[in-house]
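Visitor: One structure, pasted below without further comment.
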Amino acid sequence: MEVNIISEKIIDLDGGQTRMEAAYGSDDGDEDLFAITAKREASVGTIFEQNYRPWDGDFGPRWVRNYAIFRHHVFGLFTSKGHRNYNPFIRLTILVIFIGAISPIAMLFFSSLFGSGPDGFIDKMWGVNRSNLWGQVLGYFPRNLCYWPLLTALVVGGMISDDRRNGTSAIYFSRPVTRTDYTMMKYLSVAVVLGFVIIFSYMSYYTLAIVFKGEGWGFLIDTLPMFLAGLLCSITLVITYTSIGLALSSISQSRFFSAIAFLSIIYGTKLVALLIDLQFDTSILYILSPYDCLAHFGQWMLGLELNYSHSLSLSIVSLILMNLVSIFILISRVSSLEVTRE
């Protein structure tokens, strides 16, 4: 096929020059002798100019931009309009976990109605004491076997991995959002959701136990140190699970991987340490288990008998290292998120 140039024109554009050509072929079907253009009605030589100009207006304050990230993830649990779209199954599961976490409050209410009995059985089972305050946060069953790991896996799944897979990090960083703010708001979003279930249920249990029983200032003074120790344990639990969960979410593009990996770490390290303890009668490998390090620390804080033979300092050091390593991985992976997507 022979190609002929029918016109050639040099056009000035702000001091520059642009070469424009139109061509036609000489085979059958080309008798009309016109160049095929995207818009036939446009006149020959029309130039569509696109300019990019910097924003001259005022940006919103830093807290507004950060709050937008926080709101996107937290409010998505209640509404999907303009926020993260949590699957209805995830919302239902989180609701079931929350109801299970506050279920002891119902037993406190019934015990206040019918009394504790001559032997104080109901108070011993459901009332405020060291063991029950421990069980509200770090009790292995059902909270740290069923509730808290599953809750964390559901929340952190896709928190950062979705941004890596879909390239939505380019949307974040095309705004005046720094990687530090991005990381902090993601961390705060997960911590608030976990804290709402874990810490809120713990504080509700303690507060309503006093209200239902009509306890006085003497009871409050006696139990307040135990309550504050349990509160510190719950905050440590939220921080640790948030750090590990977000670190796993940042290294993958799959929300399924981050959720399963978190559950594998919590349950896998616990199971391996338990088998070694049963076989060789040593608890040293429990320092690799996030839950057992938390449990060891919590038992000491609440003044309970320690179930571990190794030193408490090893568990505390291991707990600190877990958080530091997880945060380091999180920061390094966020720094590699793309800024633009072609």
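The values are calculated or read from the model by the stated rules, or taken from the named source; none is laboratory data. Keep in mind the model is a prediction, meaning the values are calculated, not measured. Here the Cβ is made from the backbone with ideal geometry for all residues, glycine too, and neighbour counts use every protein chain on show. Quick note on the areas: whole protein, heavy atoms, side chains included, nothing else; ligands and nucleic acids left out. Shrake-Rupley method; radii C 1.70, N 1.55, O 1.52, S 1.80 Å.
Visitor: Check MET203 against each of (1) over 14 Å from ALA101 (Cβ atoms); (2) open to solvent by 10 Å² or more (accessible area, probe 1.4 Å); (3) out of contact with any Pro (no Cβ under 7 Å at 6 or more places or on another chain) and name the one condition it does not meet.
Guide: Result: MET203 passes all but (1).
Visitor: Got a sec? Which helices (runs of 4 or more DSSP H) wholly within region 251-335 have at least 2 residues that are out of contact with any helix residue (DSSP H, G or I) (no Cβ under 7 Å at 6 or more places or on another chain) and not acidic (Asp, Glu)?
Guide: The helices (runs of 4 or more DSSP H) meeting that bar are 255-280, 312-334.
Visitor: Going through region 125-169 one residue at a time, which ones are under 19 Å from the mean Cα position of the chain (by Cα) and surrounded by fewer than 20 Cβ atoms within 10 Å (Cβ to Cβ)?
Guide: CYS146, LEU150, ASP162, ARG165, ASN166, GLY167, THR168
Visitor: State yes or no: is GLY218 in a helix (DSSP H, G or I), within 27 Å of the chain's Cα centre (by Cα) and either crowded, with 22+ Cβ neighbours inside 10 Å or at negative phi (or both)?
Guide: Against the criterion (in a helix (DSSP H, G or I), within 27 Å of the chain's Cα centre (by Cα) and either crowded, with 22+ Cβ neighbours inside 10 Å or at negative phi (or both)), GLY218 does not qualify.
Visitor: For region 169-183, give me each residue that is part of a helix (DSSP H, G or I) and free of Cβ contacts under 8 Å to residues at least 60 places away in the same chain.
Guide: Correct list: ILE171, THR180.
Visitor: Turning to a different aspect of this structure: Restricting to region 168-205, name every residue that is closer than 19 Å to SER332 by Cβ and of a type outside the set (A, V, I, L, M).
Guide: Residues satisfying the conditions are SER169, TYR172, PHE173, THR178, ARG179, THR180, ASP181, TYR182, THR183, LYS186, TYR187.
Visitor: Under 8 Å between Cβ atoms, which residue pairs at least 6 apart in sequence (or on different chains) link something in region 66-91 that is more than 13 Å from MET185 (Cα to Cα) and part of a helix (DSSP H, G or I) with a partner that is open to solvent by less than 70 Å² (accessible area, probe 1.4 Å) and of a type in the set (Ser, Thr, Tyr)?
Guide: GLY76/TYR86; LEU77/TYR86
Visitor: Output yes when any residue across region 235-243 is assigned to a helix (DSSP H, G or I), over 20 Å from LEU263 (Cα atoms) and in contact (Cβ under 8 Å) with a residue 60 or more places away in the chain, and no when none is.
Guide: No.
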